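The values are calculated or read from the model by the stated rules, or taken from the named source; none is laboratory data. Just so we're clear, the structure is a prediction, and the values are computed from it rather than from any experiment. Cβ coordinates were reconstructed from backbone atoms using ideal geometry, including for glycine residues, and neighbour counts include every protein chain displayed.
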Amino acid sequence: MRFSPENWNVDLTKHRNKFFVASGLSIIIGVILLFTMGFNLGVDFESGSNVEIQTEESLTEEQILADFEAIDISNDYVPSVTLGGDRNQNASARFVDEFNQQEIATIQNYFNEEYGSTPNISTVSPLVGEELARNAVISVLIASVGIVIYIALRFQFLYGVSAIIGLLHDAFIVIALFSLLQVEINVPFIAAILTVVGYSINDTIVTFDRMRENVKKEKEIESFQHLAQVVNKSLLQVITRSINTVLTVMFAALALFIFGGEAIRSFSLALVIGLAAGTYSSMFLCAQMWLVWEWKRLVRLKNKPKKVEEDYV
């Protein structure tokens, strides 16, 4: 016998208010975290310098700090050292100020002599950091507007509004958890946010498409319960597909997080969080919001007085 969730006697729409409350509380907690803990912005978005060291031997934080002290760098700057690799053979030292050309040359020559490899040093000025942050926000907003327009034309305006709320919900959950965990936010993180946006909206569109097909099959929606049954049926029809898809992508994202190294850790962690949030929002937030708003729209249409065309009598 084929396993089919459609035959389950489960009413997902019955708990819609619990889903709304859970999402609302998550947003409130996220806002509190952002105001109290803030972001751990990387060099990509704040002025400063980043020194990436790759060696064949294991490194320690104390060893790296001693190396910078040996060339009198630590007297003027306060580095933050992060180790990576299977044996901690990679190190990333972040400094709050920019290095000049002489300091960059001094650091590269020292580590080349000590470890046999030249470190990669990147510096970002305050203006560049502000521009990157501004462009990141603009890119997400442009993507959101484009998605709303597409869904409004392809489906219906209420579908588009529901989808964009779910999309912003997913992105905010990722941002809030990064604030809680104080994971560094860099350019790969922005790429992950845009990837999550694309995945989330794709999952939402699949759910909406099934809902629209099932609504069309009904001659007339007689009550809120009738519409809720149609939505619930649609959710049960796509739940297996959604779970299988998110698990497949989640395994790849987890593998990147565990084995991918420090350079893409923020990217893979954002993917893991965003994939889970996207699956939740498409089924338990967007669809439920559309259910409530669509019924209110239908009620308004039923109660709207019909115009008497007296001019043509």
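Name every residue in region 24-38 that is of a type in the set (Gly, Ala, Ser) and assigned to a helix (DSSP H, G or I), in order of residue number.
Initially, region 24-38 is screened for residues of a type in the set (Gly, Ala, Ser), giving 24, 26, 30, 38.
Correct list: Gly24, Ser26, Gly30.
Let's see how each residue does on (1) part of a loop (DSSP other than H, G, I, E, B); (2) at pLDDT 85 or above; (3) surrounded by 17 or more Cβ atoms within 10 Å (Cβ to Cβ); (4) among the small types (Gly, Ala, Ser):
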| position | (1), (2), (3), (4) |
| --- | --- |
| Val43 | yes, no, yes, no |
| Glu46 | yes, no, yes, no |
| Asn50 | no, no, yes, no |
| Asp76 | yes, no, no, no |
| Val81 | no, no, yes, no |
| Asp86 | yes, no, no, no |
| Arg94 | no, no, yes, no |
| Asp97 | yes, no, no, no |
| Ala105 | no, yes, no, yes |
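Can you confirm whether Ile190 is surrounded by 21 or more Cβ atoms within 10 Å (Cβ to Cβ), part of a helix (DSSP H, G or I) and under 9 Å from the mean Cα position of the chain (by Cα)? Show your work before the answer.
Details: surrounded by 21 or more Cβ atoms within 10 Å (Cβ to Cβ): yes; part of a helix (DSSP H, G or I): yes; under 9 Å from the mean Cα position of the chain (by Cα): yes.
It is true that Ile190 is surrounded by 21 or more Cβ atoms within 10 Å (Cβ to Cβ), part of a helix (DSSP H, G or I) and under 9 Å from the mean Cα position of the chain (by Cα).
Count, please, the residues in region 206-264 that happen to be assigned to a loop (DSSP other than H, G, I, E, B) and hydroxyl-bearing (Ser, Thr, Tyr). Talk me through it step by step, then tell me what you get.
Within region 206-264, the subset assigned to a loop (DSSP other than H, G, I, E, B) is 218-223, 260-261.
Keeping just the survivors that are hydroxyl-bearing (Ser, Thr, Tyr) gives 223.
Residues flagged as assigned to a loop (DSSP other than H, G, I, E, B) and hydroxyl-bearing (Ser, Thr, Tyr) within region 206-264 amount to 1.
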